[in-house]
Amino acid sequence: MGKSMREYDFQKGEILLFDKELDWTSFDLVRKLRNFLTRKTGVKKLKVGHAGTLDPKATGLMIVCTGKETKNIDQLQAKEKEYIATIKLGATTPSYDLETAENEIFPTDHITLDLVNEKLQDFIGEIDQVPPVYSAVKIEGKRAYEHARKGNDIVLQPKQITISELEVQRFAQNQLVLRVVCSKGTYIRALARDLGLALACGAYLTGLCRTRIGELKLEDAWQVQNFLENLDEIETN
């Protein structure tokens with residue numbers, strides 16, 4: 001956080017770090033901040049944007065830029081990301097996370113930690129990854145998730161991404177916790193899907209937390225409500 005609330009100049013430009021709450025969309029967070037800051041500053045067209053989307057079922061670090069700092073969004077989005085991913089082995093969901101219910105169950109008797117570590121090696125480095133059908137990728141002018149929710153069959157093209165680190169932090173009772181360091185554009189849900197295929201047991205995300213973007217860390221982020229309450233207290237005194 002680094003500075004007192006009185007030192008912020010939102011029109012000149014700020015780079016703010018927030019811990020996104022579960023079930024919020026990235027736009028929910030930006031909208032809440034924009035509405036609050038617009039009222040507080042009296043600037044009706046205050047620029048507010050985020051540098052990197054998080055799925056509703058993900059939590060963790062989001063960078064929000066205001067004012068003239070919004071010109072740095074592309075640069076911030078391009079930075080390396082770190083996540084802690086919790087993956088359930090032995091089942092799948094259509095969205096590869098908890099947004100949809102399990103649709104298939106698979107045996108896991110053959111899964112060992114050694115096998116997991118062996119298969120993870122195939123995902124380190126530059127790889128081609130097909131985005132999830134439940135994603136914001138645009139197809140024929142609409143987001144892929146809009147097609148998916150209507151039951152439309154769609155085909156997404158693979159994109160080249162880089163995964164530089166994959167570390168098993170915990171493995172027990174078909175629950176796998178991974179630390180993932182990766183490039184912009186990486187879908188951790190797709191990584192779970194592909195790992196499940198490689199292990200021949202199916203897999204999906206049950207939890208995801210973004211812990212770092214470049215040199216910026218979750219431990220330095222605000223809880224949104226705490227930020228707004230602190231700012232409101234200063235502004236009204």
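The values are calculated or read from the model by the stated rules, or taken from the named source; none is laboratory data. All of these numbers come straight from a predicted model, not from anything done at the bench. Don't worry about glycine lacking a Cβ; one is built from the backbone with ideal geometry, like all the others, and counts go over all protein chains shown.
Identify the residue in region 160-197 that is touching a strand residue (DSSP E or B) at 6+ places or on another chain (Cβ under 6 Å) and charged (D, E, K, R) and, among all such residues, is farthest from D114 (Cα to Cα).
Ranking the candidates gives R189 first.
This table checks each residue for (1) of a type in the set (D, E, K, R); (2) at pLDDT 95 or above.
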| residue | (1), (2) |
| --- | --- |
| P56 | no, no |
| G60 | no, yes |
| C65 | no, yes |
| E69 | yes, yes |
| K81 | yes, yes |
| A85 | no, yes |
| Y96 | no, no |
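State all residues of region 183-234 that are of a type in the set (G, A, S) and in a helix (DSSP H, G or I); if no residue qualifies, say none.
Hits for region 183-234 are A190, A192, G196, A198.
Tell me the residue from T86, T59 that is touching an Asp or Glu at 6+ places or on another chain (Cβ under 8 Å), of a type in the set (S, T, Y) and crowded, with 16+ Cβ neighbours inside 10 Å, please.
Selected residue: T59, the only one of T86, T59 that is touching an Asp or Glu at 6+ places or on another chain (Cβ under 8 Å), of a type in the set (S, T, Y) and crowded, with 16+ Cβ neighbours inside 10 Å.
Any residue in region 188-212 that is within 13 Å of E102 (Cβ to Cβ) sitting within a Cβ distance under 6 Å of a residue that is assigned to a strand (DSSP E or B) and polar (S, T, N, Q)? List the pairs, counting only those 6 or more apart or interchain.
Pairs found: G202/T92; Y204/T92; T206/T86.
Is it the case that some residue within region 12-35 is over 30 Å from Y96 (Cα atoms) and out of contact with any helix residue (DSSP H, G or I) (no Cβ under 8 Å at 6 or more places or on another chain)?
yes
Return a yes/no flag: does region 3-11 have any residue that is out of contact with any Pro (no Cβ under 8 Å at 6 or more places or on another chain), surrounded by 15 or more Cβ atoms within 10 Å (Cβ to Cβ), modelled with pLDDT of 95 or more and not acidic (D, E).
No, the conditions are met nowhere in region 3-11.
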